[in-house]
């Protein structure tokens, strides 16, 4: 296996040069477990842990290795082990604010959790069953907008929807410039539409809540049942967590695909500017407001409120925008 098949690029070659002089080898983190990682080094998989200095020098959780990272390792091949000595600068990373509250203080947590690194394209998967939720798609789009990766939206389980075209129209209304694909992943032939994205060396990540069919898509593209699949609960319409860790898969058609556990809590991490990528229609309207600091609620001369009153902007989308803007604003202040 050539490094380029794993996503190696001139950027990583340049930043790795100082470590090469020290006799270290480049490797990519392909799987993360609780206390160790699996890395691919020159086509060989090794079990790796990071050196103590990596943790000591890290400014926080976000500077520790994650799946997708390129790292500099000292390999003990005979033992199938390696030690991670450094992380190469990331070309992209998507992160969330770690969910929950600080123990014993009751205050909202403010800590970045990098979900994955060096991803070129994020496929946001939404099920067209009871999981379909425009507001959740907007949240995912905002997350991707701040990551440095491109987005594609996948509407899965079209066979379980009475009117899939209506759902497609609704998603187009909130993401007019994002490619959208609609199908049922249970029919492997319908996955052919995704193969145009599977370019040698390109890393794609699947994001979505539990039960939307990410593992089914992975299995279909791999041509074998590598990922466990579970039925969606008929009682509550929610998926069960079948993927418990992040992992990179090298696809036979070319490209690298990352599966992610379903996230029921997706607290944003980023800047208010990220909303320009997911709410460009509202951001453009805001430029026409009378006041530059307009809150788009009851201020005179608000172009956003005027569009909502005229029926050109849904109240639900405006409420979603204001909610995410407030969330990012509170994060910045903390």
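Here are the numbers for this structure:
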| item | result |
| --- | --- |
| Residue match in the stretch 110-124 (condition: farther than 30 Å from residue 29 by Cβ and in a loop (DSSP other than H, G, I, E, B)) | no |
| Any hit, the stretch 128-144, residues being more than 17 Å from the chain's Cα centre (by Cα) and crowded, with 21+ Cβ neighbours inside 10 Å | yes |
| Residue 29 vs. criteria farther than 30 Å from residue 332 by Cβ and modelled with pLDDT of 95 or more | no |
| The stretch 144-164, residues that are over 30 Å from residue 62 (Cβ atoms) and assigned to a strand (DSSP E or B) | 155, 156 |
| The stretch 8-35, residues that are surrounded by 14 or more Cβ atoms within 10 Å (Cβ to Cβ) and either in contact with a helix residue (DSSP H, G or I) (Cβ under 6 Å, 6 or more places away or on another chain) or under 15 Å from residue 66 (Cα atoms) (or both) | 26, 27, 28, 29, 30, 31, 32 |
| Some residue of the stretch 73-86 being in a loop (DSSP other than H, G, I, E, B) and either out of contact with any strand residue (DSSP E or B) (no Cβ under 9 Å at 6 or more places or on another chain) or closer than 30 Å to residue 329 by Cα (or both) | no |
| Residue list for the stretch 52-72, filter: assigned to a loop (DSSP other than H, G, I, E, B) and under 25 Å from residue 201 (Cα atoms) | 64, 65, 66, 67, 68, 69 |
| Residue match in the stretch 157-170 (condition: under 17 Å from residue 123 (Cβ atoms), loosely packed, with under 15 Cβ neighbours inside 10 Å and touching a strand residue (DSSP E or B) at 6+ places or on another chain (Cβ under 8 Å)) | no |
| Pair list, Cβ under 6 Å, 6 or more apart: the stretch 202-225 residue over 25 Å from residue 138 (Cβ atoms), other residue surrounded by 23 or more Cβ atoms within 10 Å (Cβ to Cβ) and modelled with pLDDT of 90 or more | 202/255; 220/185 |
| The stretch 1-37, residues that are part of a strand (DSSP E or B) and either free of Cβ contacts under 8 Å to residues at least 40 places away in the same chain or within 15 Å of residue 117 (Cα to Cα) (or both) | 27, 28, 29, 30, 31, 32, 37 |
| Boolean, residue 266 is within 17 Å of the chain's Cα centre (by Cα), crowded, with 16+ Cβ neighbours inside 10 Å, under 17 Å from residue 140 (Cβ atoms) and at pLDDT below 80 | yes |
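Here's the yes/no breakdown for (1) without any contact (Cβ under 8 Å) to a residue 60 or more places away in the chain; (2) in contact with a helix residue (DSSP H, G or I) (Cβ under 7 Å, 6 or more places away or on another chain); (3) under 27 Å from residue 149 (Cβ atoms); (4) not in a loop (DSSP other than H, G, I, E, B):
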position: 277; (1), (2), (3), (4): no, yes, yes, yes
position: 285; (1), (2), (3), (4): yes, yes, yes, yes
position: 298; (1), (2), (3), (4): yes, no, no, no
position: 306; (1), (2), (3), (4): yes, no, no, yes
position: 311; (1), (2), (3), (4): yes, no, no, no
position: 322; (1), (2), (3), (4): yes, no, yes, yes
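The values are calculated or read from the model by the stated rules, or taken from the named source; none is laboratory data. Being a predicted model, the structure only gives us computed values, none of them experimental. Backbone-built Cβ (ideal geometry, glycine too); neighbour counts: all protein chains shown.
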